[in-house]
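Data first, discussion second: the structure below is written as structure tokens.
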Amino acid sequence: MASDRLPDLIAALQQAVPLLREREQGFWADWLEKDLKLIEGEDFYGIEDLLKAFHGGIAGLSDVILHPPSKNAEWQWLSKRIYEIAHGLQRERHRREAI
């Protein structure tokens with residue numbers, strides 16, 4: 001699963017987990033922490049599971065709003081970054097598998 005973007009994803013997840021915990025979002029902090037461990041171990045299931053959290057529909061990770069607004073702004077930036085990197089890694093893998 002080697003990619004130049006992997007360290008950026010890991011760093012963003014490492015920032016997101018304590019932020020979510022601090023704002024009493026333990027369910028999502030646990031989810032991201034589990035996926036972080038998988039990704040650090042180069043298990044691609046961590047990417048797939050991470051993306052499931054964003055595509056969960058109502059009450060998915062993309063629906064999380066943190067208070068105060070400054071924490072929410074930080075979360076929105078991090079969550080967008082996490083999603084974009086993970087989605088890009090998934091696309092890269094699908095392209096490689098199609099060849």
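Assorted remarks:
- Summed residue charge, Cβ within 14 Å of ASN72's Cβ, Lys/Arg positive, Asp/Glu negative: -1
- C-alpha long axis of helix 26-40 to longest principal axis of the chain, angle in °: 30
- This model, with +1 at the C-beta of Lys and Arg and -1 at the C-beta of Asp and Glu, gives the chain a dipole about its Cα centre of some 240 debye.
- Sparse packing (at most 14 other Cβ atoms within 10 Å of the Cβ) combined with a DSSP loop state is found for the following GluC sites (Glu not before Pro) in segment 23-99: GLU24, GLU42.
- The residue among ALA73, ALA53, LEU13 whose Cα reaches farthest toward the positive pole of the charge dipole of segment 6-98, with charges on the beta-carbon of Lys, Arg, Asp and Glu, is ALA73.
- Principal-axis analysis of the Cα atoms of the chain puts helix 6-22 at an angle of about 20° to the longest axis.
- Per-residue [θ]222 nm for the chain (sum of -39500 (n - 2.57) over DSSP H runs n ≥ 4, rounded to 500): -24500 deg cm²/dmol
- Springs join every pair of Cα atoms under 10 Å in this Gaussian network model of the chain, and among ILE47, ILE65, ILE85 the largest mean-square fluctuation is at ILE65.
- The structure-derived value of percent of Cα pairs over 23 Å apart appears in the list [x] 21; [y] 71; [z] 59 under the label [x].
- Of the two radii for segment 1-41, the radius of gyration is 1.02 times the Kirkwood radius, both from the alpha carbons; that is the Rg over Rh value.
FYI, it's all coordinate maths here, none of it is from the lab. Computed from a predicted structure; not experimentally measured. Cβ: placed from backbone, ideal geometry, glycine included. Neighbour counts: every protein chain shown.
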